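Down below is the structure, laid out as structure tokens.
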Amino acid sequence: MYKEISQELLEFLKKSPTAFHAVENIKKELIDNGYDELLEGSYWNIEIGGKYFVTRNNSSIIAFHVGKKLDNYAFHIVVSHSDCPTFKVKENAEIEVRGKYTQLNTEGYGGMLCATWLDRPLSIAGRVIVKENNCLATRLINIDRDLVLIPNVAIHMNRTVNNGYTYNMQVDMLPLLSGEKSQSNDLKKLIANEMNIDEKSIYGSDLYLYNRTAPSIWGLHNEFISSQHLDDLQCGFASLKGFLKGYHDENINVMACFDNEEVGSQSKQGAASTFLYDVLKRINMSLNKSEEDYYRALASSFMISADNAHAVHPNHPEKTDIKNCVYMNEGIVIKSHAGQRYTSDAVSIAVFKELCKKAQVPVQFFANRSDEAGGGTLGNIAMAQVSMNSVDIGLAQLAMHSSYETAGIKDTYYMLKAIEEFYNSHIQEKDSCLLEMK
């Protein structure tokens with residue numbers, strides 16, 4: 001069962017080179033499971049028991065399943081993110097080098113491990129805005145072949161590279177496109193040919209590099225999985241699968257996958273935006289619930305912020321806390337931080353431990369070394385808009401923010417089962433010190 005769900009994850013990752021593609025693939029699965037699409041600019045007619053989803057910017061998505069007994073309803077929410085560190089192609093993309101090479105002009109998106117992008121097959125994917133009659137239509141593109149490569153400088157020309165090197169994004173990280181003399185619209189011509197459209201109909205684009213190395217299952221006992229975009233689509237995929245399996249009459253179950261986490265979430269479609277708040281409020285209004293009902297619901301609501309965690313590195317175990325450290329294939333990671341980089345506290349940890357106990361899923365605990373600053377994630381950012389009990393979790397992985405990351409084959413299944421249990425459960429605030437789980 002571990003291998004089957006991991007193989008399904010890797011197929012999903014292969015089809016999801018960008019946030020736009022990930023959201024499109026989530027949409028397709030939701031539609032296949034009877035979910036109806038809502039548009040933010042249209043009237044919402046939400047029914048008891050109904051299943052819906054809405055997107056923003058085509059790179060963030062929120063799906064929800066309305067329970068049938070909403071006298072004491074609560075929102076059960078899982079959030080993850082759709083983006084990953086990469087390189088974005090600039091508008092004026094082609095750079096001519098001595099009349100012999102054509103490079104692409106790119107800029108970094110998020111905090112990537114630059115060395116992992118060198119000397120491997122890459123391609124371009126994203127969205128293109130096309131004028132069709134009097135409309136501007138969004139079309140996805142994935143140039144499904146080895147298209148570009150970022151070549152290293154030979155060690156003979158950079159003798160000290162193995163002693164440490166600082167990469168210059170405008171010099172070292174530009175991909176090589178061709179050996180022909182560049183033209184100002186080479187890339188646009190390529191895109192037009194790929195999409196079988198007139199290049200004059202292209203009015204805009206958001207294009208990114210991605211690693212073409214095929215996702216794989218490997219190790220002596222086939223215990224590891226590796227792919228581009230594991231952070232955070234491994235959590236996004238497991239959350240979707242658990243969401244589709246879970247249901248409780250007294251819940252409004254919600255699954256959200258936000259864009260732009262890797263650059264701080266400060267966008268109209270990021271976790272810091274009003275997207276989640278807007279959706280929850282509109283659900284409440286469409287169901288003819290009062291403002292008082294809404295705030296009562298929030299008091300019993302619970303959010304799981306799902307974003308991957310750092311496994312102990314075999315070459316550098318000293319990089320992680322000596323006791324609060326985690327390993328691949330040993331269960332879901334509960335993350336905590338005294339400075340509130342994570343939302344987990346005693347209450348939310350206890351709730352999640354109980355859920356995992358019911359689901360028969362192992363858990364482990366992560367905290368940063370006290371002398372090292374760790375990264376943040378979605379939970380606290382989303383909490384600035386909609387406050388409720390929340391826990392930060394993830395799955396252990398190596399080489400986070402590499403172009404090719406590694407995780408454990410068992411852990412996707414563990415998270416799927418825990419998320420399914422969460423959506424099958426109902427949490428009710430009884431008084432200021434008591435939560436009932438059923």
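Numbers at a glance
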{"item": "From Leu149, Leu113, residue being within 26 Å of the chain's Cα centre (by Cα) and either surrounded by 17 or more Cβ atoms within 10 Å (Cβ to Cβ) or free of Cβ contacts under 8 Å to residues at least 40 places away in the same chain (or both)", "result": "Leu149"}
{"item": "Residue in region 225-238 that is over 23 Å from Ala309 (Cα atoms) and not basic (Lys, Arg) present", "result": "no"}
{"item": "Single condition Phe258 does not satisfy, out of (1) over 21 Å from Ala384 (Cβ atoms); (2) within 18 Å of the chain's Cα centre (by Cα)", "result": "(1)"}
{"item": "When residues of region 337-361 are limited to those that are in contact with a Lys or Arg (Cβ under 7 Å, 6 or more places away or on another chain) and either of a type outside the set (A, V, I, L, M) or open to solvent by 80 Å² or more (accessible area, probe 1.4 Å) (or both), the one nearest to Ala382 (Cα to Cα)", "result": "Tyr342"}
{"item": "Residue list for region 123-137, filter: buried (at least 22 other Cβ atoms within 10 Å of the Cβ) and either closer than 9 Å to Asp206 by Cβ or among the aromatic types (Phe, Trp, Tyr) (or both)", "result": "Gly126, Arg127, Val128"}
{"item": "Residues satisfying the stated conditions in region 400-416, i.e. part of a helix (DSSP H, G or I) and either touching a strand residue (DSSP E or B) at 6+ places or on another chain (Cβ under 7 Å) or buried (at least 22 other Cβ atoms within 10 Å of the Cβ) (or both)", "result": "Asp411, Thr412, Tyr414, Met415, Leu416"}
{"item": "Qualifying strands (runs of 3 or more DSSP E) (wholly inside region 1-69; at least 2 residues being among the aromatic types (Phe, Trp, Tyr) and at pLDDT 95 or above)", "result": "51-56"}
{"item": "Residues of region 377-399 classified as of a type in the set (S, T, N, Q), more than 14 Å from Ser344 (Cβ to Cβ) and outside any strand (DSSP E or B), total", "result": "2"}
{"item": "Hey, Gly374 in contact with a His (Cβ under 7 Å, 6 or more places away or on another chain), outside any strand (DSSP E or B) and open to solvent by less than 20 Å² (accessible area, probe 1.4 Å) or not", "result": "yes"}
{"item": "Region 172-211: number of residues that are within 17 Å of Arg139 (Cβ to Cβ), among the hydrophobic types (A, V, I, L, M, F, W, C) and in contact (Cβ under 8 Å) with a residue 12 or more places away in the chain", "result": "7"}
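The values are calculated or read from the model by the stated rules, or taken from the named source; none is laboratory data. Just so you know, these numbers come straight off a predicted model, no measurement behind them. Using ideal geometry, Cβ is built from the backbone for each residue, glycine included, and neighbour counts are taken over all protein chains shown. What goes into the accessible areas is simple: the full protein's heavy atoms, side chains included, and nothing from ligands, DNA or RNA. Shrake-Rupley method; radii C 1.70, N 1.55, O 1.52, S 1.80 Å.
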